[in-house]
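Below is one structure, written out as structure tokens; the observations come after it.
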Amino acid sequence: MRVRRAGDAAVLAEVEDLATAHRLHAAVRAAGFEGIVDVVPGERTVLVVTDPARCDLDRLRARLAALELPERPEGDAAPLEIPVRYDGEDVAEVAELTGLTAEEVVRRHASGDYVVAYLGFSPGFGYLTGLDPALHVPRRSTPRTSVPAGSVAIAGPYSAVYPSPSPGGWRLLGRTDVALWDLDRPSPALLRPGARVRFVPVEDAR
Amino acid sequence: MIEVVRPGPLTTVQDLGRPGHAHLGVPCSGAADRPSLCLANRLVGNPEDAACLEMTFGGAVLRFHRSAWVAATGAPAPLRVNGRPAAMNAPCHVPAGTRLEVGVPEAGVRTYLAVRGGLAVDPVLGSRSTDLLSGLGPAPLTRGDRLPVGDAPGDAPILVDQAPVPPLPGEPVLRILPGPRDDWFAPDALRTLTAEPYEVTAESNRVGIRLAGRPLQRARDGELPSEGMVTGALQVPPNGLPIVFLTDHPTTGGYPVIAVLSSADLPTAAQLRPGQKVRFRL
């Protein structure tokens, strides 16, 4: 692990892969170090933001390097199942780009085992890894000005579900009625870094 | 209750934001110039994290339907209480029915107005801040809005006549710490960054300050795997011109960060005006 400085209040720990980033993320949270404000996993990093008045960065670096990482941060929790109506606007376009039939695009998307790599872009927006490589297509060259909440989409190596209406350039495969972001829940974000996700095709995504 | 007669170009409710949710994609948000918000609150006897107004380029007119204590800090703007001039950085009593006008600041961008008792809008994830990137918290003020004011904070006295505040620098020098991705840039990129001043462009907002000046050369191509971003990061997109992340910045990003502002200089950065020159120093 290499620990880089990110200003005078944060460090960025670099690890070899996503799974290690999730294990380190879990370990930092479990350790309960004094003065930690935010712990943010990335694809191969964990950013630890501190309150510099309550945390010495040099000591934090040493402590991070000495942390014992849990084997499986998410334990044996069953994957989260998200019902999807695969009637998205871009299914035909993705079929054309990949040379697959529309049915095969849906079948391959719905048979993936996904892991939430990290969240970003907007509250509750999880970047899901585990997309079938045959479905890796670029973003649209012109993003849509508004993508409805619940849209199930792909771009590059990722899949995602839009938690709220927003502009977006991902290719839309379908729609779910599951709320990815709900401020009335004690924990508004449905997805957490490291969580496993499966998409279940349904006729009526309720 | 405070009635918004005129909101000005952009007035939002801000406190110290909602830290601790970045791993869920929620920016910290909160006042861009935190010491000014804290000072405004102290001047009226509030806890430092009470919700205030953050006015961008002033221009707001407010009607106080109940008497209140207020204080304005940050970008120095002309204040008028029922037509009479009032001082910045000083507690001011406004009787019921008062019309408070905040003019356009002569320096800086963001003026803060605290009210004794704090603004009592509903909190979202523990904060009353408006997050313009993700749309959390109350919408920016519009004409006719009515803002509830909280109960006065017990017996906390109002002790200070006027707080001494240094003037905002004309051509500020912001200290930076290299990294975390300075190794993605050509060996002389940090020298380029610190050699000549950059100009603040009009595309700047609470998400970030966009700069015009000498582009920074990359040492390697390709995309950085997305990683967590800090407030004050100088993120460099493919055009080579750094963006200084302010409080509503996205929680993760894929462009390399060449350096990060010293925490102490963040408030100065938050007051940079379009067209103003700024220097960076290692």
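The numbered conditions (1) touching a residue at least 24 places away in the same chain (Cβ under 8 Å); (2) farther than 24 Å from residue B:57 by Cβ are all true for residue B:171 except (2).
Any residue at all in segment B:183-205 that is charged (D, E, K, R), within 14 Å of another protein chain (Cβ to nearest Cβ) and either more than 23 Å from residue B:36 (Cα to Cα) or assigned to a loop (DSSP other than H, G, I, E, B) (or both)? So far as segment B:183-205 goes, yes, one or more of its residues are charged (D, E, K, R), within 14 Å of another protein chain (Cβ to nearest Cβ) and either more than 23 Å from residue B:36 (Cα to Cα) or assigned to a loop (DSSP other than H, G, I, E, B) (or both). Just one of (1) within 14 Å of another protein chain (Cβ to nearest Cβ); (2) polar (S, T, N, Q); (3) loosely packed, with under 13 Cβ neighbours inside 10 Å fails for residue B:235. It is (3).
Screening residue A:26 against (1) among the small types (Gly, Ala, Ser); (2) surrounded by fewer than 21 Cβ atoms within 10 Å (Cβ to Cβ); (3) under 18 Å from residue A:71 (Cα atoms) leaves a single unmet condition, (2). The condition (being farther than 30 Å from residue B:225 by Cβ and crowded, with 21+ Cβ neighbours inside 10 Å) is satisfied by just one residue among B:174, B:119, B:159: B:119. Regarding segment A:131-145, can at least one residue be identified that is closer than 30 Å to residue B:128 by Cβ and away from chain B (no Cβ under 12 Å)? Checked against the condition, which is being closer than 30 Å to residue B:128 by Cβ and away from chain B (no Cβ under 12 Å), segment A:131-145 yields at least one hit. For segment A:1-106, the helices (runs of 4 or more DSSP H) that sit wholly inside it and include 2 or more residues that are touching a Lys or Arg at 6+ places or on another chain (Cβ under 8 Å) are A:18-31, A:91-98.
None of B:39, B:16 is surrounded by fewer than 24 Cβ atoms within 10 Å (Cβ to Cβ), in contact (Cβ under 8 Å) with a residue 24 or more places away in the chain and within 15 Å of residue B:131 (Cβ to Cβ) except B:16. Looking across segment A:1-43, the residues that are more than 21 Å from the chain's Cα centre (by Cα) and more than 11 Å from chain B (Cβ to nearest Cβ) come down to A:1, A:31, A:32, A:33, A:34, A:35.
How many residues, within segment B:60-117, are within 19 Å of residue B:267 (Cα to Cα) and basic (Lys, Arg)? Residues flagged as within 19 Å of residue B:267 (Cα to Cα) and basic (Lys, Arg) within segment B:60-117 amount to 1.
Taking segment A:118-130 as the search range and keeping residues that are within 14 Å of chain B (Cβ to nearest Cβ) and out of contact with any helix residue (DSSP H, G or I) (no Cβ under 7 Å at 6 or more places or on another chain), which one is surrounded by the fewest Cβ atoms within 10 Å (Cβ to Cβ)?
Restricting to residues being within 14 Å of chain B (Cβ to nearest Cβ) and out of contact with any helix residue (DSSP H, G or I) (no Cβ under 7 Å at 6 or more places or on another chain), the top hit is A:121.
The residues of segment B:206-232 that are within 14 Å of chain A (Cβ to nearest Cβ) and either among the hydrophobic types (A, V, I, L, M, F, W, C) or part of a loop (DSSP other than H, G, I, E, B) (or both), listed by number, are B:207, B:222, B:223, B:224, B:225, B:226, B:229, B:230, B:231, B:232.
Filtered by the rule that a residue be assigned to a strand (DSSP E or B), within 21 Å of residue B:189 (Cβ to Cβ) and more than 17 Å from the chain's Cα centre (by Cα), segment B:238-259 gives B:253, B:257, B:258, B:259. Here residue A:149 meets each of (1) in contact (Cβ under 8 Å) with a residue 40 or more places away in the chain; (2) within 13 Å of chain B (Cβ to nearest Cβ) with one exception, condition (1). Every listed requirement among (1) within 14 Å of another protein chain (Cβ to nearest Cβ); (2) at pLDDT 95 or above is met by residue A:106 save one, (1).
The values are calculated or read from the model by the stated rules, or taken from the named source; none is laboratory data. Please read all numbers here as calculations on a predicted model, not as lab measurements. Reconstructed Cβ throughout: ideal geometry from the backbone, glycine too, with neighbour counts over all protein chains shown.
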